[in-house]
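Everything below concerns the one structure shown next.
Any read-out appearing in this document is the output of simple, stated calculations on the displayed coordinates, not a laboratory observation. Bear in mind that the values here come from a model prediction, so they are computed numbers and not experimental data. We place every Cβ from the backbone using ideal geometry, glycine too, and count neighbours over all the protein chains shown.
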Amino acid sequence: MPSLSRLAALLIAASCALPLAAGASRAAASCEGKLGTSRVMEVDPRGLQVGTKHFPQTLDLAEGEVVLTFDDGPFPATTPAALKALREACVQATFFVVGRNSAAHPDLLRRIIKEGHTVGHHSQTHPMTLADLPYDKAVADIEKGIASDEKAAYGTAGAHPRVPFFRFPGFGSSPELLDYMKTRGIGVFGADLWAGDWVQMTPEVQLHLVMERLAHAKRGIILFHDTRAQTVKMLPAFFAALQAGGYKVVHIVPAATATAAGPQ
């Protein structure tokens, strides 16, 4: 028989666990019948260069698996609606954010993280392109962007980004900049297909275009922009189309053992 003090402790622990279990149960119930996140993929960023629109290889995805990514935010006019659509579909995405936007909207950046999404980096000023800048200025823009994102999200920025994922604006890299990212241990993401949402179109036309491209590619990293109203308006129908088509959403996170190197 446990002692009275031990029994009391067990009862208290059980009573504290009940609300947590109930909360988890309610969360699971609220996602019943939704698209959901099929699995979480831990990605080692060291030497990583993926996305067949820019590189020869991509992530190890099965047929029908997609990774959702959003560029250029956070942006108060549209990012909250994107987050709402993601939350209602119970899926997670990766946001490649611009440093000056992170610095301007830290609360929104922290909300993205709080809601379970991955935050990667997309330079400080989003030049088109980094490859067109002198090498030292391009590196400075990359590093300033990472520092801005880190400070906005976590309050401090050190030598090692918490999430060592990066996407070059406009996929405008160079061999020298790619080598630099390798030395930093920061993985570089391209995309396997994109919405083309930098071109003005209706949400309906954009949905048709994305699903047509996905039917051809069958899997891959999809590039959207959470700064585009047409994309945000399309998302609920897009998630419904993914579910109807039997597609699965994969959420990417950095491998727990990976540590980026300090700036060179």
Kyte-Doolittle cut-off 1.0, length cut-off 18 Å along the helix's own axis using Cα: show which whole DSSP H helices in the chain pass.
4-30
Fewest-first ordering of E65, E176, E150, E88 by Cβ atoms within 10 Å yields E176, E88, E65, E150
Search the structure for amide H atoms under 5 Å from the amide H of D226, placed 1.01 Å from N in the peptide plane, and list their residues when 5 or more places away or on another chain.
D71, G73
Ellipticity estimate at 222 nm from DSSP helix runs (n ≥ 4, -39,500 (n - 2.57)) divided over the chain, nearest 500:
-14000 deg cm²/dmol
Can you spot the lysines whose alpha carbon is less than 25 Å from K248's alpha carbon? Ignore those fewer than 8 places along the same chain.
K34, K53, K84, K114, K218, K233
Can you give me the orientation-averaged projected area of the convex hull built on the Cα atoms of segment 79-213, in nm²?
8.9 nm²
What is the gain in length, in nm to one decimal, between H208 and R87 on full extension, counting 0.36 nm per residue of separation less the C-alpha to C-alpha distance?
41.3 nm
Simple Cβ-charge dipole of segment 85-201, Lys/Arg +1 and Asp/Glu -1, about Cα centre, in debye nearest 20
380 debye
Placing +1 at every Lys and Arg Cβ and -1 at every Asp and Glu Cβ, with all other atoms neutral, what dipole size does the chain have around its Cα centre, in debye to the nearest 20?
680 debye
What's the extension gain from D136 to V40 if we count 0.36 nm per residue and subtract their Cα-Cα distance?
31.0 nm
Expected sort for S173, S102 with the fewest Cβ neighbours (10 Å cutoff) up front is S173, S102
Just check segment 90-146 against the gyration tensor rule for me: Cα atoms, a ≥ b ≥ c as the square roots of the eigenvalues, rounded for a/c under 1.5, and otherwise prolate or oblate depending on whether a/b exceeds b/c.
prolate
Over the Cα atoms of the chain, what radius of gyration and what Dmax do you get, in Å?
20.2, 75
Ranking H126, V43, S102 by how far each Cα lies towards the positive end of the charge dipole of segment 35-254 (+1 on Lys and Arg Cβ, -1 on Asp and Glu Cβ), the top one is S102
